[in-house]
Each structure stands twice: as structure tokens, then as C-alpha cells.
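The values are calculated or read from the model by the stated rules, or taken from the named source; none is laboratory data. Computed from a predicted structure; not experimentally measured. All Cβ positions, glycine included, derive from the backbone under ideal geometry; neighbour counts span all protein chains shown. The accessibility values were calculated without ligands, DNA or RNA, using every heavy atom of the protein model including side chains. Shrake-Rupley method; radii C 1.70, N 1.55, O 1.52, S 1.80 Å.
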Amino acid sequence: MRTLYVRFVMITICIMILSSVLTFLLSNVFYHAYLKPYNDQKVTIMIQHVQQYIAVLSYQEATSYFQNVAALGYQLYINDGEGNGHFYGSPLRGKYISSSVIHNVQSGTIYHGIEQRPHQLFVTGFFEDHLMNSIGIPVTIEGKTYALFMRPDIEKQFWEMRIFFSLLLGGTIMFSMVFVTISTRYVVKPIRIFTRATRKIAEGQYNIQLDVHRKDEIGTLAQHFSKMAESLNRLEQMRQEFVSNVSHEIQSPLTSIQGYAQVLRSQQLSPEQRTHYLSIIEEESRRMSLLSKQMLTLAALDKEESITDPQSFDIAEQLQQVVKATEWQWREKDLAIEIDVESAFITGNKDLLHQVWTNLITNSIKFTELGGTISIHTDTSHHSYICIMIEDTGIGISEEDIKRIFEPYYKGDKSRNRERGGSGLGLAITKKIITLHGGTIDVASQLGIGAQFSVKIPFL
């Protein structure tokens, strides 16, 4: 199996090779389109100077001159049109040129072999060491017309530069491959760290700290990964705590039901005692039923992406119904209820929102001491949403608990006995329902003073 490191190196090297080939092809196109005509013209000017100079020389003097020109870095070939020819300078690899070309040059036509050389892939024509890749011009020596062909001697003029560029290109490719191999290890190193971290998470180890300090996408990914691991660790702790709490919540009523059921078998109980024990069994059964119902509700809400069965209804009327439904609870604790709600119609799932207000109001009742006050009022001054505020004068919520109060299965600080029963699912269900309606819920509180829950529901 190829690792990411090997894949990265191979892809980079392939890109380098492909880039080199494309660059060479584009350079070849540039040569044929621009440089070849330019080189043809440059050599033509040079041979025309030679033509003018040897016009007044003898054949022997012209031969000596050709040798000097060849020594300066040119290759020359002269032919009398009768099959007699002579080369000056370094020997050419391709020495053939047709007799028709020679006769045309003798007759006064300039032969532009450099410009007219056919295009060939991966061959830069200027460097092709062939007699046909030259400039031909007629010259007159001692009254006789010859065909003179001339081209630059690439090895003399550019040999050192060719070596230099070859070393430069080869060194660049070699060092690039070495540095790519080294740098890729640096790039892939965080991925390996993530791989080890994900393996630990798969094994159930969530307490992970990634030592990746970068300010790029990898650094951002490391931060998000650490937060994810922290969330998973917290979720695992909550799950374990929930299992413990639920086990206790279930075991406690089951033990009570079992114990009182055994007591009811006794024939020595009075009717009042039987009624009392049966009411306890009923209450414990109700607690178990509520717990299972909340768990099922939360599981069902987690699968939903939008509200179902939306309908328009008056939020003020619903809040008043919830207050009446919980009347026996707040009257039992002698609580004062202040309700100031304006009629406002919203669109949503009526049953789910009824559960939201029931959860919030019963929580306020539960955590407000005898003789306290609960205030419920609405703010309809905003055009896009309605704000419902439920405030109590209860025991309050600590800052630490406020950060996690909407997490499933989370209960407040047990040292202050804030849980007072319950499964820790009520507020999680509440927030999920509000989120499905496109709303938000915020809480503000101080210990010993009370808490205020603010719910914003948009007018859909």
C-alpha cells in the first residue's frame, strides 16, 4: 500500500517531469515561430559580408579567408556546381545537399535552409548539425561562380553554454527531487500525527493533545481536531455519567416498587396504608415512564432536520395553558406567578413548543424556594421574531454549569443538590426543539438570585 508520503513525492516528481516536457515543447514552438527566422536573417547578413569581401580576392586568398572565418566559429561549404566541393571548419554530421539547391544558389537564389528546415518534435532546428540547415549564397572568385553555404558552429560557439545549461538543468532537477523528498516529510508529518490520533480515538482514547503549531490549514485542522477530541471526551464522560444516573434513576424506583409490592402482600395493612403504598408505586412508575419518554423524544428529535406538522397558533394562549396545567405545582410551593404575555401568532409544531414551555416553567418551579416568584412575559417589538422570557428567583446556576446546561444528560453541581431529580434531558430536548424552529435560547443567572431563560422564535 502506497503511503501518502510516497504518493506526494511521486506526484510532485511527475509534475516536474511534465512541466519540463511542456516547457521544452513551448520553447520549441517559440523557436520555430520567432527565433528560427531571426537566426536565418542573422546568418544571411554574415554570409553577405563574406560574399562582398571575397569578390576581390583570388581563390587562394579566399581559401585562406574561409579558414579564418571557420576558426571564428562557423562551418562553410563551397561547391563549383560540377561535383567539386570543400568543407571548412568542424566536420558536419550531415553533409548531403541536393545538386538542385547548389545550381539554384549559383543562379543567384539565396538558400534559406535554416528558416525552411521542417518542424520536428523535440528537435530545435538551429542546433541540427546538417548542411541543409545552412544559408547558401552565390559567390564569385576569379570570375567563376560558386555556391557557398554557411552555418554557425554550435559546438564552438555554444559548447560551454550547453554544458552550463545541462548542469544547471540536471542540478535543478536533482536538488528539486531531494528537497521535495525532504519537504514532503515535513508536510506529511502532521497527517501521520492525525493518523495516530484517529487510531487512539477509534480505540476509545479521547484525551488527545496534538502538538501541531502552524498557522495554515493544517494548524486549523489540528485545532478543530483537538476540539473534536475534547467534545468526544466530554461526551464519553457524559455518557458514563448518564449510564450511572439512569441506572440509579431506574434502580431506585424499581427497588421501591419491589419493596412496597412485597409489603402489600401482607394481610395486616390498613386500607390507608395500602392506598399510601400504592400511590408510591404509582409515582415511581411515573418517574420511570417520564425518563424513558424523554430518552425516546431526544432520540427522535436528533433525527429531525426541520419541524413537522407546522401550524399557526397564539403563543400567549399556549403559555397561559401551561401555567394553568402546572398550577398545583406552583401553588404547592406558594409561588407567585407574574404573567404578562401579548397575543402573537407564530408558525411551528404546537405540541413540541408546548413541551418547551412546560420544561422551562417546571424547572423554575423545581429550583425556586417556597414563597418565590416566577415571571413570564413576551416581547413582540421585533418584526422578525418574538422573545419569551421566563425568570425565577430560585437558587441560580453557576457559570460553569451555564456553559454545559444544554448538553444531553448533563446535571448541575451535585454539591448544591441542584439536580433534585430529573434525568438531565429536559433542557437538551428544549434546545433541540427551539433549534428546529430556527430560534435560539439564552440563559443568564447568578447563584442565589435566580435565572432567566430567553427564547427567540422567528415569525415563520
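Ordered from highest to lowest accessible area with the whole protein assembly present and a 1.4 Å probe, Asp379, Asp401 read as Asp379, Asp401.
Heavy-atom accessible surface of the chain, averaged per residue, reaches 59 Å², computed with a 1.4 Å probe. Classify segment 1-56 as rounded, prolate or oblate from the Cα gyration tensor: take a ≥ b ≥ c as the square roots of its eigenvalues, call it rounded if a/c is under 1.5, otherwise prolate when a/b beats b/c and oblate if not. Prolate.
For the chain, the share of DSSP beta bridges that are antiparallel, to the nearest 5, is 90%. Subtracting the Cα-Cα distance of Ile280 and Arg404 from 0.36 nm times their residue separation leaves 41.3 nm of extension gain.
Taking the Kirkwood radius as Rh and the Cα radius of gyration as Rg, the chain has a ratio of Rg/Rh equal to 1.48. Summary value for the chain: 10 percent relative contact order, contacts being C-alpha pairs under 8 angstrom separated by 6+ residues. Compared with the direct C-alpha span, the chain from Ser231 to Asp442 gains 73.9 nm at full extension, assuming 0.36 nm per residue.
Which entries of Lys333/Lys456; Lys200/Lys431; Lys350/Lys431 have Cα-Cα distances beyond 26 Å here? Beyond 26 Å between Cα atoms: Lys333/Lys456; Lys200/Lys431. Where only DSSP H runs of four or more residues are counted, the chain gives -19000 deg cm²/dmol as its mean residue ellipticity at 222 nm, each run worth -39500 (n - 2.57).
For the pair Lys42 and Ala55 in one chain, pulling the backbone fully straight at 0.36 nm per residue adds 2.6 nm over the alpha carbon distance. Model label points for His224 and Ser20, set 7 angstrom from Cα along the Cα-to-Cβ axis, are 3.8 nm apart.
When the solvent-accessible area of the chain is split by element, carbon and sulfur atoms take up 57 percent of it, the probe being 1.4 Å. Once both axes come from the Cα atoms, what is the angle between helix 350-366 and the longest principal axis of the chain, in degrees from 0 to 90, rounded to 10? Roughly 60 degrees between the two axes. With a simple spin-label model that places each label point 7 Å from the Cα along the Cα-to-Cβ direction, the separation between Thr181 and Gln240 comes to 4.7 nm.
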